[in-house]
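This report concerns only the one structure given below.
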């Protein structure tokens, strides 16, 4: 049975509620085996709730009311924005928490207590010992106004991943022509297809010129959008770092942007070591995937990260870290070093970089490179992990396997 909060119609001593239009979302948050969360925003208080069913079809299982909380945003970008500006003011964040779900199951949800109908999909994580096939997508640097063919997002959504891992720089206020409101509209296929689990990129911490930010404080965009949309995902973590399991894989989602001198402070490094050490003793564990924004192996203009790369390699040397996923460079690259696969995936919409013209000392390690907009589909089976990389024309540009 689902543990269900009362819907707004069922709450005693309340006047009838009024449906409200959705202005952002809906979207799913987090990746857990028996629980999930769906969020969306409306302009004012009113009815809020969803109903769910197993994605395979059948009857709706339950209708669940939302918890509503006011959001007061100070950040405003309206001047020079052709459409869908981000305006200061108050909106209502709806959150629906679902519990006692089936592990390894995909559900369809429908926000049915608002004006109009909004639908989406989320999947629960499989049991740790599961060897069933799992698919997850990867992309990064998603700046949809950059002119990328939006078929990129449609094709990733149609592939039906269980979750989408994002390598950072979700949205970028470049030239004040891009807004979160526009991002939500243009990436709707992704939001409807699966929960997105992002790491922080440098653009996610940008300071907009028109916004007054006190010295030492977190930028308003990060406070009012990134944290509100993706924060409190229920995963164990420290600071802006968190971890979760995809079957036998341990995923460490790390913040590479918070420290200019070192990749991570002592407390974060100790947390990483403890997580990996604990995983090594778990019989269901296969290997670790580490994802963070800053590209430590790249032949783009962002290269030259030798010291930070050595720091990271030394940190994880005793452990089964087989795959490292990065963003930052607006291209696709794959390297192999000491039986580890390093992948740069920053081609989700931003203007492209050349990624094969610098740092010749890395040429032998570079197994593949394409300056194209792309997404990656990973398939985890009992025998290992397979990655397939597709461009906007659905052309397969790389394929690789990681055993374990």
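You will find that of 200, 196, 238, 273, the residue that is outside the structural domain of residue 35 (by TED's automatic domain parsing), exposed (fewer than 15 other Cβ atoms within 10 Å of the Cβ), in contact with a helix residue (DSSP H, G or I) (Cβ under 8 Å, 6 or more places away or on another chain) and at pLDDT 90 or above is 273 and no other.
Each residue in the stretch 96-111 was checked for being surrounded by fewer than 19 Cβ atoms within 10 Å (Cβ to Cβ) and outside any strand (DSSP E or B), and 6 pass. Which is assigned to a loop (DSSP other than H, G, I, E, B), touching a residue at least 60 places away in the same chain (Cβ under 8 Å) and under 18 Å from residue 24 (Cα atoms), of 75, 71, 93? None of the others qualify; the one that does is 75.
Among the numbered conditions (1) surrounded by fewer than 18 Cβ atoms within 10 Å (Cβ to Cβ); (2) farther than 27 Å from residue 42 by Cα; (3) modelled with pLDDT of 95 or more, tell me where residue 250 comes up short. Of (1) surrounded by fewer than 18 Cβ atoms within 10 Å (Cβ to Cβ); (2) farther than 27 Å from residue 42 by Cα; (3) modelled with pLDDT of 95 or more, only one is false for residue 250: (1).
Residue count for the stretch 339-377, restricted to those that are out of contact with any strand residue (DSSP E or B) (no Cβ under 7 Å at 6 or more places or on another chain) and in a loop (DSSP other than H, G, I, E, B): 14. The set of residues in the stretch 372-394 that are within 18 Å of the chain's Cα centre (by Cα) and under 13 Å from residue 138 (Cβ atoms) comprises 374, 375, 376, 377, 378, 379, 387, 389. Checking 23, 81 one by one, the residue that is part of a loop (DSSP other than H, G, I, E, B) and surrounded by fewer than 21 Cβ atoms within 10 Å (Cβ to Cβ) is 81 and no other.
The values are calculated or read from the model by the stated rules, or taken from the named source; none is laboratory data. Since the structure is predicted, the reported quantities are computational estimates derived from the model, not experimental observations. Virtual Cβ from ideal backbone geometry, glycine too; neighbours counted across all protein chains shown.
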